[in-house]
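Visitor: Handing you a structure now.
Just so it is clear, none of the values below were taken in a lab; they were calculated from the coordinates. Nothing here was measured: the structure is a model prediction, and the numbers come from that model. Note: ideal-geometry Cβ built from the backbone for every residue, glycine included; neighbour counts use all protein chains shown.
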Amino acid sequence: MATYSCGRVSDMECGTVREITVGGRTLALARGEDGEYHVLDNMCAHQGGPLGRGYIDGDTLVCPIHGFAYHLGDGSCTMLPALRVPTIPVRIDGDEVLVELD
Ligand code: FES
C-alpha cells in the first residue's frame, strides 16, 4: 500500500468531479454536494466511459457517455444494481485529500 495525495480540500467546489492520475491509475475524484470526498475508478462499468468527466447529481456520479449514475458511497449503479464501480477509501489530513492504493 502506498499513500498518494489527490490535492487540497480547498481546491474543489462541492458538487464537482475531476479525473486524476495517481500511482499510475486514472481515478475519478468527486466532492459531493455535502462536501464529502469520494474516489471511484474512472472507468464506467457500462462501456468504460470516463467518470471523472461526468457530473454530480445528488449523491451520485453520472457518466458523461450514456448517463448511468453511480452512488458516490459504494459505487453501485442506480439503474442496474448488478453494475458497480470500484471505490477507493479517501482520507483527509489537514487540507490534503489522500488515497491508499496497492
Ligand atoms: S459508458 Fe458510462 S453509461 Fe455508458
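Visitor: Specify the residue that is farthest from the ligand (Cβ to nearest atom); the eligible residues are those in the range 19-71 that are in contact (Cβ under 8 Å) with a residue 12 or more places away in the chain, within 16 Å of GLY7 (Cβ to Cβ) and surrounded by fewer than 17 Cβ atoms within 10 Å (Cβ to Cβ).
Guide: The qualifying residue farthest from the ligand (Cβ to nearest atom) is GLY35.
Visitor: Of the residues that make up the range 5-12, is at least one assigned to a loop (DSSP other than H, G, I, E, B), hydrophobic (A, V, I, L, M, F, W, C) and more than 15 Å from the ligand (Cβ to nearest atom)? Write out each step before concluding.
Guide: Taking the range 5-12 as the starting set, the residues that turn out to be assigned to a loop (DSSP other than H, G, I, E, B) are 12.
Filter once more, keeping what is hydrophobic (A, V, I, L, M, F, W, C): 12.
Still in the list and also more than 15 Å from the ligand (Cβ to nearest atom): 12.
So far as the range 5-12 goes, yes, one or more of its residues are assigned to a loop (DSSP other than H, G, I, E, B), hydrophobic (A, V, I, L, M, F, W, C) and more than 15 Å from the ligand (Cβ to nearest atom).
Visitor: Here is a follow-up. With respect to ASP95, determine if the residue is loosely packed, with under 15 Cβ neighbours inside 10 Å and touching a residue at least 40 places away in the same chain (Cβ under 8 Å).
Guide: Values: loosely packed, with under 15 Cβ neighbours inside 10 Å: yes; touching a residue at least 40 places away in the same chain (Cβ under 8 Å): yes.
Yes: the conditions hold for ASP95.
Visitor: Provide a single number: the residues in the range 16-54 that are in contact with a Lys or Arg (Cβ under 7 Å, 6 or more places away or on another chain) and either among the hydroxyl-bearing types (Ser, Thr, Tyr) or outside any strand (DSSP E or B) (or both).
Guide: Taking the range 16-54 and keeping what is in contact with a Lys or Arg (Cβ under 7 Å, 6 or more places away or on another chain), we get 16, 19, 29, 37, 45, 52.
The next check asks that each one be either among the hydroxyl-bearing types (Ser, Thr, Tyr) or outside any strand (DSSP E or B) (or both); those that pass are 16, 37, 45, 52.
Qualifying residue count for the region: 4.
Visitor: Within the range 72-92, track down each residue that is loosely packed, with under 11 Cβ neighbours inside 10 Å and in a strand (DSSP E or B).
Guide: Pass one, the range 72-92, residues loosely packed, with under 11 Cβ neighbours inside 10 Å: 81-82, 89.
Across the range 72-92, there are no qualifying residues.
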